[in-house]
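All remarks here apply to the structure that follows.
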Amino acid sequence: MASTVTSIASLPVKTLAEELITFINRAPSPFHVVDETRKRLLDAGFSELKEKEPWNVKPLQKCFVTRNQSTIIAFAVGGKFKPGNGFSMIGAHTDSPCLRVKPSSKKGKCGYLNVGVECYGGGLWNTWFDRDLTVAGRIVVQDESSVNHRLVFIRRPILRVPNLCIHLNRSANESFGPNKETEIVPVLATSIQQQIEAPITEEGDCEATAKHHPILINLLCQELDIQPAQILDFELCLADTQPATIGGALNEFIFAPRLDNQLNCFTSLKGLIGSCESEEGLENDPNIRMMLLYDHEEVGSSSAHGANSSLTEWIMRRLSAGGSQTAFEESIPKSFMISADQAHAVHPNYSEKHEENHKVALHKGPVIKYNSNQRYATNSITASIVKLIAKEVSVNLQDVVVRNDSACGSTIGPMLSAKLGLRTLDIGSPQLSMHSIREMSCTSGVKQSCLLYQGFYENFPAVDAIVTVD
Ligand SMILES: [Zn+2]
């Protein structure tokens, strides 16, 4: 099991961190995450398959498939793969907590034009106040003969949720939890300015302008060069316009939105692509290397394209076809899933919130997450396998468990593990401010995760061959 991690290993920490920042800045919604991932896979020689068409995937082929344009699954078939062999899998999620435009968003009060928004996922909503916001997502557009969805991203601040001044909210510094229906309603414009610049009839002349402020609809239409009447529907996320950046006096931090979980989307993608380009490449691999980026993790994963859907099983069955009748069932005990999602680093101002022996540090490596109550799927076997791989590629690991008097998060790991009977490990890179509109992690974490994930794709079959547990 010689280490073949060369390309990522030779890159400076800063280069990979900057590449993640570019990825995040291009991906303000799950649809954009999938689009950016798709482009990078095409550039790396992967070809696109469609779920509705028959496949005939052969060893050494590299392909991907999307569902709903918000979930993407990519795979590279090992040169020695035959049906019944295992899958080396890394899963992450494309969605992040955010505000989303309501189906009828037109609101107004006291001369302001406001936009009604829904809270998606468990955000730290007070961080969305006083940020320079925009919208991004997808619009379903009707042309003369077809209906398709188009991505949209308005690249300037058009919305804001203003704080109430301290003079009228004296207790704001003691506690501030906004009412999610009445107090998180972004301002789009004033009616005075609208009358001066864009005198538009109040009712609007189509469904879109009747339900949403025509100013907003016109901005979207300009962006896509379409007419308001062509808009059938849309899914729009609000996003901060401040770009992600490297920061700290020693340039060791990443200040960015959506690190949970775009850091793992990006690093698993780098790991998969890197593993196909390195010296030994795919030729000797008996497994299929698979990257699975799912939508809807932040809201429980139960959707047609979430981790709790049948999608993963169906894709694995299609790739196991052509062998014996039980090829898929045989493949499961040979397979392994790394469930990659961000982890909490110890917070210097709240260190008592973290378990005494498990205070995770920035820079010190990916964090294996344990929870004997199965909020995480890691066990001693799956941890041992990943520890052996990490040693092989010289990546330091940390471990974490929550305090008994603290609630524990969860992720896609336990769900996929239970549905498929799959050996699974939960792991993530350490960060602070999880679910804030602007999170914080360390630059070295990006490289460490890239190295570990590439190392997993390259070394899992050989490491697994020496582990005997039935
Ligand atoms: Zn997450």
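The residue that is most open to solvent (accessible area, probe 1.4 Å), among those in region 371-392 that are of a type in the set (Ser, Thr, Tyr) and in contact with a strand residue (DSSP E or B) (Cβ under 6 Å, 6 or more places away or on another chain), is Tyr376.
Of the residues making up region 12-41, those that are part of a helix (DSSP H, G or I) and more than 30 Å from Arg100 (Cα to Cα) are Val13, Lys14, Thr15, Leu16. For region 62-91, the set of residues classified as more than 30 Å from Ser29 (Cβ to Cβ) and either part of a loop (DSSP other than H, G, I, E, B) or touching a Lys or Arg at 6+ places or on another chain (Cβ under 6 Å) (or both) consists of Gly78, Gly79, Lys80, Phe81, Lys82, Pro83, Gly84, Asn85, Gly86, listed by residue number.
For region 9-26, does any single residue satisfy the condition of being under 25 Å from Phe234 (Cα atoms) and open to solvent by less than 10 Å² (accessible area, probe 1.4 Å)? Checked region 9-26: at least one residue is under 25 Å from Phe234 (Cα atoms) and open to solvent by less than 10 Å² (accessible area, probe 1.4 Å).
Filtering Pro97, Pro103, Pro59 for residues that are modelled with pLDDT of 95 or more and within 16 Å of the ligand (Cβ to nearest atom) leaves a single hit, Pro97. Working only within region 428-442, note down all residues that are out of contact with any Pro (no Cβ under 9 Å at 6 or more places or on another chain) and open to solvent by less than 10 Å² (accessible area, probe 1.4 Å). Scanning region 428-442 gives a single hit, Gln431. For region 415-427, taking the residues that are within 15 Å of the ligand (Cβ to nearest atom) and out of contact with any Lys or Arg (no Cβ under 7 Å at 6 or more places or on another chain), the one that is least open to solvent (accessible area, probe 1.4 Å) is identified as Leu416. Taken over region 323-352, residues that are surrounded by 13 or more Cβ atoms within 10 Å (Cβ to Cβ) and either at pLDDT below 95 or not aromatic (Phe, Trp, Tyr) (or both) amount to 20.
Within the set Phe153, Phe64, the sole residue that is in the same structural domain as Glu277 (by TED's automatic domain parsing), in contact with a helix residue (DSSP H, G or I) (Cβ under 8 Å, 6 or more places away or on another chain) and either among the hydroxyl-bearing types (Ser, Thr, Tyr) or at pLDDT 95 or above (or both) turns out to be Phe64. For the structure I just gave you, tell me whether Val135 is under 18 Å from Thr241 (Cβ atoms) and crowded, with 20+ Cβ neighbours inside 10 Å. Answer is yes for this residue.
Could you please find all residues in region 393-414 being in contact with a helix residue (DSSP H, G or I) (Cβ under 8 Å, 6 or more places away or on another chain) and crowded, with 20+ Cβ neighbours inside 10 Å? Of everything in region 393-414, those that are in contact with a helix residue (DSSP H, G or I) (Cβ under 8 Å, 6 or more places away or on another chain) and crowded, with 20+ Cβ neighbours inside 10 Å turn out to be Val393, Val395, Thr411, Ile412. Residues of region 287-306 that are assigned to a helix (DSSP H, G or I) and either in contact with a helix residue (DSSP H, G or I) (Cβ under 8 Å, 6 or more places away or on another chain) or crowded, with 23+ Cβ neighbours inside 10 Å (or both): Glu297 alone. The sole residue among Glu181, Glu144, Glu174, Glu197 that is of a type in the set (Asp, Glu) and closer than 30 Å to Ala27 by Cβ is Glu181.
The values are calculated or read from the model by the stated rules, or taken from the named source; none is laboratory data. Treat the numbers as computed from the prediction; the structure is a model and nothing was measured. Reconstructed Cβ throughout: ideal geometry from the backbone, glycine too, with neighbour counts over all protein chains shown. Heads up: the accessible areas ignore ligands, DNA and RNA and are worked out on the full protein's heavy atoms, side chains in. Shrake-Rupley method; radii C 1.70, N 1.55, O 1.52, S 1.80 Å.
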